[in-house]
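Notes to accompany the following structure.
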Amino acid sequence: MTSAEQQNWTRVRDRLRAEVGDDIYMSWFARMELEGSEGETVRLSVPTRFLKSWIQSHYAERVLACWQAENAGFSRIELTVRSSIIRSAPPKGKSAEPPAVHRDARESKSNGGGDLRPGMALYESLGGSPLDPRLTFETFVVGRCNTLAHAAARQVALARHGEMVMFNPLYIHAGVGLGKTHLLQSLAWTGNVTPDRKVLYLTAEKFMYGFVSALRAQNAIAFKEAVRSIDVLVIDDLQFLQGKSTQAEFCHTLNALVDAGRQVVVAADRPPSDLESLEERVRSRLAGGLVVEMGPLGEELRLEILKWRAAVARQHHPGFDVPAAVLAFIAKSVTHNGRDLEGALNRLLAHSKLTANPITLEMAEREIRDLIRPQEPRRVKIEDIQRVVARQYNVSRADLLSSRRTANVVRPRQVAMYLAKTLTLRSLPEIGRRFGGRDHTTVLHAVRKIENLVSTDNALAEEIELLKRQLQE
Ligand code: ADP
Ligand code: MG
């Protein structure tokens with residue numbers, strides 16, 4: 001390579017970096033190298049096939065344009081995977097790629113040679129989030145609210161290596177304490193029983209932390225390969241995934257896995273369409289598989305969970321006897337949330353250990369009083385608001401989303417936006433998007449307008465109270 005070529009290359013890199021930003025540059029171009037140029041062709045190389053195809057499909061023109069800015073004579077970029085070059089010539093200088101021999105060994109030894117699978121060392125160090133041994137399918141109680149989610153999770157867990165996936169990604173959403181983590185961890189335990197299958201369970205935080213630190217350590221490529229060497233990727237609490245570059249990486253990982261026929265399972269506290277911080281294309285990819293909601297735990301199910309937990313507790317604490325009436329009382333009064341059920345039983349256990357008094361209904365009432373909350377507010381959805389408001393004012397939902405500006409649609413639309421702002425946690429831009437792609441200032445205007453009207457117009461205030469009550473019960 002001539003020194004003129006080298007200087008050009010340095011400038012091209014700087015230009016590229018300035019154009020795409022540091023994050024993208026580090027993810028995709030940090031290990032791109034110049035091999036040389038001939039006539040109108042620039043030859044570049046990258047260490048993996050995945051990088052090559054990604055750059056070709058997303059950045060080919062941009063890379064060429066950067067070269068043309070240095071030398072208008074170039075008209076073509078040729079991108080190769082570095083290992084095949086190494087095979088014909090001795091590795092030069094500080095190449096981080098292992099010699100060709102190793103690569104061959106890795107590829108022919110697809111089974112058994114664990115250490116030789118690409119990115120395996122990093123997979124081990126990434127290690128997944130710890131699994132709680134109590135959270136298994138055996139201890140997961142199935143009821144009306146979670147039948148479908150449970151069946152889907154089991155199916156994924158029991159699929160054999162290489163078996164066709166039926167729904168991908170599998171997306172499970174539910175409010176706090178309704179069993180998402182329990183179900184996902186059950187899946188991971190069961191899925192990992194088969195020796196040739198790798199199920200990796202990660203919290204979104206762990207995914208972020210793993211990726212960010214991998215980037216800092218300059219082995220993003222190894223991380224990518226590691227993530228792609230698994231059969232099932234399970235990500236819990238996706239709503240916590242934050243940061244542009246993390247999201248970009250999540251999106252690439254998701255696409256790569258799904259396209260390669262690997263299973264992705266995700267849990268979050270809201271449906272994909274409500275993951276506001278994610279880009280539209282990620283949301284739609286997530287919604288493109290099977291989306292299942294788990295509802296609040298019904299009373300019967302709560303009682304089952306309690307019975308089961310009390311029985312387990314009794315194995316460790318023989319004196320812990322909870323009368324059926326007490327279990328029934330807890331199931332009835334501690335509503336919705338699995339965590340509070342657990343908390344209630346722990347209170348009784350602590351009390352009976354500390355005082356050695358038998359557990360009675362009176363004692364239970366006293367101990368768990370603060371866990372008995374008025375019904376938790378229901379999760380109100382924007383669709384529900386639109387449906388209820390449309391019915392109330394006798395317009396269609398399409399009217400609410402349309403750009404029509406006649407008075408009989410404008411007011412209901414403003415009311416619906418106002419309710420969306422006050423009854424959900426959605427941001428103004430998100431609400432605008434869900435009302436036919438309106439600007440957030442339009443939403444703000446609607447909210448202010450209705451706020452003002454409500455303070456003077458009693459009839460409207462009452463109407464809105466009624467709508468709120470309908471939506472929340
Ligand atoms: P989430 O992740 O949705 O917030 P968790 O999975 O952490 O909820 O569940 C909270 C608690 O409720 C855990 O102790 C869990 O074992 C229990 N739980 C929830 N749903 C069930 C169920 N269907 N069967 C048994 N236990 C459950
Ligand atoms: Mg959880």
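Within region 1-35, restricting attention to residues that are over 39 Å from the mean Cα position of the chain (by Cα) and in a helix (DSSP H, G or I), the residue that is surrounded by the most Cβ atoms within 10 Å (Cβ to Cβ) is N8. Contact map, region 329-345: first residue closer than 17 Å to A313 by Cα, second residue part of a loop (DSSP other than H, G, I, E, B), Cβ cut-off under 6 Å, separation 6 or more or different chains; pairs are G338/G177; G338/G179; R339/G177; D340/V334; L341/V334; A344/V334; A344/I368.
Only one entry in R87, R76, R154 is open to solvent by 30 Å² or more (accessible area, probe 1.4 Å), charged (D, E, K, R), at pLDDT 90 or above and more than 30 Å from V199 (Cα to Cα), namely R76.
Here's the yes/no breakdown for (1) in a helix (DSSP H, G or I); (2) farther than 24 Å from I55 by Cα; (3) away from ligand 2 (no atom under 14 Å from the Cβ):
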{"site": "I235", "(1), (2), (3)": "no, yes, no"}
{"site": "T246", "(1), (2), (3)": "yes, no, yes"}
{"site": "F250", "(1), (2), (3)": "yes, no, yes"}
{"site": "L254", "(1), (2), (3)": "yes, no, yes"}
{"site": "G261", "(1), (2), (3)": "no, no, yes"}
{"site": "V266", "(1), (2), (3)": "no, yes, no"}
{"site": "R270", "(1), (2), (3)": "no, yes, no"}
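Across region 259-270, the number of residues qualifying as closer than 15 Å to P169 by Cα and surrounded by fewer than 18 Cβ atoms within 10 Å (Cβ to Cβ) comes to 3. As a summary of the residue check, R426 satisfies the conditions (1) open to solvent by less than 90 Å² (accessible area, probe 1.4 Å); (2) part of a loop (DSSP other than H, G, I, E, B); (3) modelled with pLDDT of 90 or more except for the one numbered (3).
Among the residues of region 36-61, those identified as surrounded by fewer than 16 Cβ atoms within 10 Å (Cβ to Cβ) and not hydrophobic (A, V, I, L, M, F, W, C) are G36, E38, G39, E40, T41, R49, S53, Q56, S57, H58, E61.
The one condition from (1) within 16 Å of ligand 1 (Cβ to nearest atom); (2) free of Cβ contacts under 8 Å to residues at least 40 places away in the same chain; (3) of a type in the set (K, R) that R281 does not meet is (1).
Checking each residue of region 284-303 against the condition of being under 30 Å from I24 (Cα atoms), free of Cβ contacts under 8 Å to residues at least 60 places away in the same chain, outside any loop (DSSP other than H, G, I, E, B) and over 12 Å from the mean Cα position of the chain (by Cα) gives at least one match. May I ask you to verify whether V443 is outside any helix (DSSP H, G or I), open to solvent by less than 70 Å² (accessible area, probe 1.4 Å) and among the hydrophobic types (A, V, I, L, M, F, W, C)? Judged against the criteria, V443 is not a match. Considered as a group, the residues in region 306-362 that are within 16 Å of ligand 2 (Cβ to nearest atom) and not in a loop (DSSP other than H, G, I, E, B) include one that is least open to solvent (accessible area, probe 1.4 Å), and that residue is L341.
Residues are listed down the side, and each one gets a yes or a no for (1) modelled with pLDDT of 85 or more; (2) more than 16 Å from ligand 1 (Cβ to nearest atom); (3) closer than 25 Å to D269 by Cα; (4) over 17 Å from the mean Cα position of the chain (by Cα):
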{"residue": "S125", "(1), (2), (3), (4)": "no, yes, no, yes"}
{"residue": "E138", "(1), (2), (3), (4)": "yes, no, yes, yes"}
{"residue": "I172", "(1), (2), (3), (4)": "yes, no, yes, no"}
{"residue": "T194", "(1), (2), (3), (4)": "no, yes, no, yes"}
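Annotation for region 380-389: no member residue is in contact with a His (Cβ under 7 Å, 6 or more places away or on another chain) and aliphatic (A, V, I, L, M). Inside region 63-80, residues that are assigned to a loop (DSSP other than H, G, I, E, B) and touching a helix residue (DSSP H, G or I) at 6+ places or on another chain (Cβ under 6 Å) make up a count of 1.
So is F240 away from ligand 2 (no atom under 16 Å from the Cβ) and aromatic (F, W, Y) or not? No; evaluated as a whole, the condition is false for this residue. The set of residues in region 308-351 being within 11 Å of ligand 1 (Cβ to nearest atom), within 21 Å of N146 (Cα to Cα) and not aliphatic (A, V, I, L, M) consists of W308, R309, H336, N337, G338, R339, D340, E342.
Return the total of residues in region 1-34 being of a type outside the set (G, A, S) and within 19 Å of T80 (Cβ to Cβ). Please lay out each step first, then the result.
Here is the first cut: in region 1-34, the residues of a type outside the set (G, A, S) are 1-2, 5-17, 19-20, 22-26, 28-29, 31-34.
Checking which are within 19 Å of T80 (Cβ to Cβ) leaves us with 1, 5-6, 8-9, 12-13, 16, 28-29, 31-34.
Looking only at that region, the number is 14.
The values are calculated or read from the model by the stated rules, or taken from the named source; none is laboratory data. None of the values given here were measured: they were computed from a predicted structure. Cβ atoms come from the backbone with ideal geometry, glycine included; neighbour counts cover every protein chain shown. When the accessible area is computed, the model is the full protein with side chains, heavy atoms only, and any ligands, DNA or RNA have been set aside. Shrake-Rupley method; radii C 1.70, N 1.55, O 1.52, S 1.80 Å.
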